[in-house]
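Below you'll find the structure, written out as structure tokens, and then a few comments.
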Amino acid sequence: MTPGASSRAATRLGIPALFVVGGVCQYVGAALGVFLFDTLDPAAVAWLRALGAGVLLLAWRRPWTRGAGTGRWTRRKVMVATLFGLVTVGMNVVFYEAIARIPLGAAVAIEFLGPVAVAAAGSSRVRDKIALCLVVLGVLAIAGDQFGGSAVGLPGVAFAVASAALWAAYILLGKRIADAGNGIDDLAVGMAGASVILAPALIGPVLSADAGVFLEPRVWMLGLGVGLLSSVVPYVLDQVVLARIGRARFALLLALLPTTATVVGAVVLSQLPSVAEGIGILAVIAAVVIGGTSGRDGALRAQSDIAPPP
């Protein structure tokens, strides 16, 4: 093998590995959030993640030193970025409510109902319709498995479906932002703004019940860690991957995420999937592979211009 061929082969092997590292960081961050559920409710943990990600992104990007894309930071641009942040934080709130009740891998699989539905709605391809049917079957398999523990499981499925709907909204709004300007700068401004706006609703109850919890360094360290691992690191690695392989192959790599989440849930949280959950997760993986194999503008490729999934 020539040196050039060897380098190309290493790149081909390294890109999926890099993507998996990003996915592992993302879901290890989510698992850290689960450890905080004994101290804070899921909504407050999601707020800490948003605040941590917003602070780190602002420190890194310093969007006030540049315009948003080709324009300046107008009031309208700030409002749109803040709306994007509100949708993103809302998506994370219901996602954390879901993983407080059902396994991490199952919640992530259900979430893919959002982007696959957006892709199918905006496409005439048969493969996108098949992908949507597979995701629906996967969600039904996971939901059906929760009937035995309906007091917790079924509400968890409902929260995961809500997260899928907000992921769809995140894609549609975020694609417009990415086309019009710099997506990551908007994300930085949006996450910071949304964490301020939503603070009374998301952490107000915690402050009323036990304000002293926010005096614990552990809470802030874990919150910053969740923001770093779940939002900042995956986004940076995704941009490195996208620069080398493009959006079509990136969409295929997204199929690794439900598996990655399942493995992290099993190793970190001791959440071994049942047979029904395993079938549901495999159906979602197949759907993402089918939906991401061709076409230029599917939702699975569009979301990669913005930021990693929740």
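Test each condition in (1) loosely packed, with under 15 Cβ neighbours inside 10 Å; (2) among the aromatic types (Phe, Trp, Tyr); (3) at pLDDT 90 or above for Tyr27 and report the one that comes out false.
In the conditions (1) loosely packed, with under 15 Cβ neighbours inside 10 Å; (2) among the aromatic types (Phe, Trp, Tyr); (3) at pLDDT 90 or above, Tyr27 misses (1) alone.
Here are Gly114, Gly105, Gly52: which of them is buried (at least 23 other Cβ atoms within 10 Å of the Cβ) and either without any contact (Cβ under 8 Å) to a residue 24 or more places away in the chain or within 16 Å of Leu224 (Cβ to Cβ) (or both)?
Gly52
Out of Ala201, Ala192, report the one residue that is out of contact with any Pro (no Cβ under 7 Å at 6 or more places or on another chain), buried (at least 19 other Cβ atoms within 10 Å of the Cβ) and part of a helix (DSSP H, G or I).
None of the other options fit; the residue is Ala192.
One line per residue, one yes/no per condition, for (1) modelled with pLDDT of 85 or more; (2) under 30 Å from Val157 (Cβ atoms); (3) within 23 Å of the chain's Cα centre (by Cα):
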position: Val55; (1), (2), (3): yes, no, yes
position: Trp73; (1), (2), (3): no, no, no
position: Leu83; (1), (2), (3): yes, yes, yes
position: Asn92; (1), (2), (3): yes, yes, yes
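Restricting to the stretch 253-310, name every residue that is modelled with pLDDT of 80 or more and part of a loop (DSSP other than H, G, I, E, B).
Leu254, Ala255, Ser270, Gln271, Leu272, Pro273, Ser274
Does Ser208 satisfy the criteria of being of a type in the set (Ser, Thr, Tyr), farther than 30 Å from Lys175 by Cα and either out of contact with any helix residue (DSSP H, G or I) (no Cβ under 6 Å at 6 or more places or on another chain) or part of a helix (DSSP H, G or I) (or both)?
Yes, satisfied.
The values are calculated or read from the model by the stated rules, or taken from the named source; none is laboratory data. Keep in mind the model is a prediction, meaning the values are calculated, not measured. Virtual Cβ from ideal backbone geometry, glycine too; neighbours counted across all protein chains shown.
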